[in-house]
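Notes for the one structure printed next.
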């Protein structure tokens, strides 16, 4: 079964979605099962630290009859907990943590706020020291200093006369301790639980509580039987007024329970939206992260196919950008190396082909030399044997002439072979100079007068008046000798040989044309090869070594000449070009390696 191939975008998208979704699921599970416990532990830790510092804070306060009440009220507001203090018999101390102290007729009066009968809404909002308030209540002591409030209003009460049996007091607040606005929604009810409901529970925990060591604490969870609200209770042992006492703090867990319930309900509605957003963000994230990686992969794929023309276009300053620059550098170096290898391979192939060609030429040369020398040596041997056998006197001169003629031919062949070997070994360098070609042609033509006369061939010259060229005069004379000699040998008797010159751009094209037998078209390019003859059966009659045109080819190649041979209407024409003196090039100091 073929496995499904997933690209990196799909993998990253799936991994990101699954990872974030699992993280979201873990958060939901934590909120559902562990958030309440975390809140409880954090709250208990906060209460324990506050209760542990309670004795030290109490000792630092100046003496005051409301000293303990003030400290308990401050602690309750700070920790959002209801505080109670019990002795070793677990009897609770009567505390009035919330009160208002006003000054009436130069006398301070304390308005204690009862925990059971009051709610937070019974107090005017934002009461501060210095505010004027009106209180209807009942005095609780014989000195009329402590009043139990029935109704508390601002400076302007809703009624001008208090109810029967109540005393109305309007005064300025000099000191106060009220429940903080940060406390639970009904702190008075929560505080009353410490006096009314916690007592029976404490008696059930008597043995455990009384056996606590000084400075230690215990923590329990308690449920209000009337409201069903869960509370956390922390009891701490400390020394108070020379005896062992216990301070207990009761804090509600209702807010966190409501929060968990609300979060659970919220999650049911938020989860589908979060999933859609998560899908979109995962897709965008995976595309954004993998885009440079996909680009680099395409670049690497092209490099694998030896295509280095297109470079990766990532210009960021991170690892992707650095990798892109490294790939581009690698592509450039590989491209250059590949070109160098290709050029080296072409050069090597050319060298191998040249070596094979040279080997083939060597074999042909040996065969041709053997063939070329075999006939004259045979002739020399035959006539030498005739002389040895003392032939008739009248034949001696003819035999000697034949032997000398054949020796001259062999010597000419050997000299041409030595000359050709120098060209093939690239041991010939030119000595260029400016000279008139017409003088060279006249000198060569004069040397062929006897041969021209024997065949009754006319030589016609038509050269430009100013025909100075930039070339090696010795080598050009050698070319003209070979071409003119070849034209004379193959010219028909009583015919005409024409040597002409015409300017072409920056050169002069010379043409040597005779009237004679045509060269087959398929052999026009091969006549420049060494020892190649169109009709090998007639070479001894026509003369020549078969190397003249090969030597001409090398000389004209060194001059950068455009040369060739073509059949005309009546014969064959050889052409070649030479650079005029005004457009000379090359090195004046070139020399020949001998």
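Computed from the coordinates by the stated procedures, all read-outs in this text should not be read as laboratory data. These numbers come from a predicted model, not from an experiment. Every residue, glycine among them, receives a Cβ derived from its backbone with ideal geometry; neighbour counts consider all protein chains shown.
Sorted largest first, the principal axis extents computed over the alpha-carbon atoms of segment 428-583 equal 45, 29, 26 Å.
As a rough footprinting exposure proxy, the listed residues 470, 226 were ranked by other beta carbons within 10 Å of their own, and the order from fewest upward is 226, 470.
Report the gain in length on full extension from residue 48 to residue 91: 0.36 nm times residue separation, minus Cα-Cα distance, nm rounded to one decimal. Before the final figure, lay out the partial values.
On the way: separation 43, 0.36 × 43 = 15.48 nm, distance 2.12 nm.
Net length gain for the segment: 13.4 nm.
Kirkwood analysis of segment 28-119, using all unique Cα-Cα pairs, places the hydrodynamic radius at 15.9 Å. Ranked for footprinting exposure by Cβ neighbours inside 10 Å, fewest first, 507, 460, 552 give 460, 507, 552. With each label modelled as a point 7 angstrom along the Cα→C-beta vector, the residue 354-residue 214 pair spans 11.2 nm.
Fewest to most neighbouring Cβ within 10 Å: what's the order for 121, 170? Each step should come with its number before you reach the end.
Values: 121 8, 170 14.
In order of increasing Cβ crowding within 10 Å: 121, 170.
Distance between the pseudo-spin-label points of residue 338 and residue 285 (7 Å out from Cα toward the beta carbon): 3.9 nm.
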